[in-house]
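Report on the structure given below.
The values are calculated or read from the model by the stated rules, or taken from the named source; none is laboratory data. These figures come from a predicted structure and were not determined experimentally. Positions of Cβ are generated from backbone atoms using ideal geometry, with glycine treated the same way; all protein chains shown enter the neighbour counts.
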């Protein structure tokens, strides 16, 4: 009888020890799992890991170098069409894989550019007329327009020279560095290739100039940093 009672006590304590051991084992596994997750988060948030992830996401697919480049960019201006013409000694066309998209840009070096800023018309009394957002011809002084009046096509454009210029095919922006530019108002809507004999309305310099190709408002189509401008008068610049 005593032997049987001793076995029951032994089995009871052995079972209790086993349950305690099992509890400690599971608790250690749970804690180690949490610590492992913390470690993974810490590694993932490190600058080195972030740089590696960005490099994987933004990978250069191809680069093409061209020489003696001429590029034309067309801008819809209601029924009219403005142009930007770039000429460069060299350009690099770059295609990047920026997940989940492809990004294409072209960098031009030693650039000469012509950017038509505004196309409009003149009446005989020198009143300016241009198309509004709905494609309707309107006088700038907002008076009713007589459709029988003769219209003289005119344009304002900028000629510029830059050390380099980057055209982003995704955002449709042209970013030029170390720019010198001249502005003109001349007859016609065709791009003016020859400036000889033309008097600029202004001449300026900028450390950086951005042309926003898709801007609907011509006044908001350009921005510049560190800008200095000289305006023409009857006495000259």
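Would you please name the residue that is farthest from the chain's Cα centre (by Cα), looking only at residues in the stretch 108-134 that are in contact (Cβ under 8 Å) with a residue 60 or more places away in the chain and surrounded by 16 or more Cβ atoms within 10 Å (Cβ to Cβ)?
We begin by selecting, within the stretch 108-134, every residue in contact (Cβ under 8 Å) with a residue 60 or more places away in the chain; these are 111, 113-119, 133.
Still in the running and surrounded by 16 or more Cβ atoms within 10 Å (Cβ to Cβ): 111, 113-119.
Details: 111: 19, 113: 19, 114: 20, 115: 18, 116: 20, 117: 19, 118: 22, 119: 25 Å.
Within the stretch 108-134, the match that is farthest from the chain's Cα centre (by Cα) is 119.
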Condition met for residue 85 (more than 30 Å from residue 208 (Cα to Cα), in contact with a strand residue (DSSP E or B) (Cβ under 8 Å, 6 or more places away or on another chain) and assigned to a strand (DSSP E or B)): no
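I'd like to check something: does the stretch 148-160 contain any residue that is assigned by TED's automatic domain parsing to the domain that holds residue 102 and within 30 Å of residue 96 (Cα to Cα)? If you could, list the steps in order and put the result at the bottom.
Within the stretch 148-160, the subset assigned by TED's automatic domain parsing to the domain that holds residue 102 is 148-160.
Those still in the list that are within 30 Å of residue 96 (Cα to Cα) too: 160.
Within the stretch 148-160 (the criterion being assigned by TED's automatic domain parsing to the domain that holds residue 102 and within 30 Å of residue 96 (Cα to Cα)), the answer is yes, since at least one residue qualifies.
Got a sec? Which strands (runs of 3 or more DSSP E) wholly within the stretch 133-233 have at least 3 residues that are touching a strand residue (DSSP E or B) at 6+ places or on another chain (Cβ under 6 Å) and closer than 28 Å to residue 109 by Cβ?
Where strands (runs of 3 or more DSSP E) fall fully within the stretch 133-233 and carry at least 3 residues being touching a strand residue (DSSP E or B) at 6+ places or on another chain (Cβ under 6 Å) and closer than 28 Å to residue 109 by Cβ, they are 152-168, 173-187, 202-212, 222-225, 228-231.
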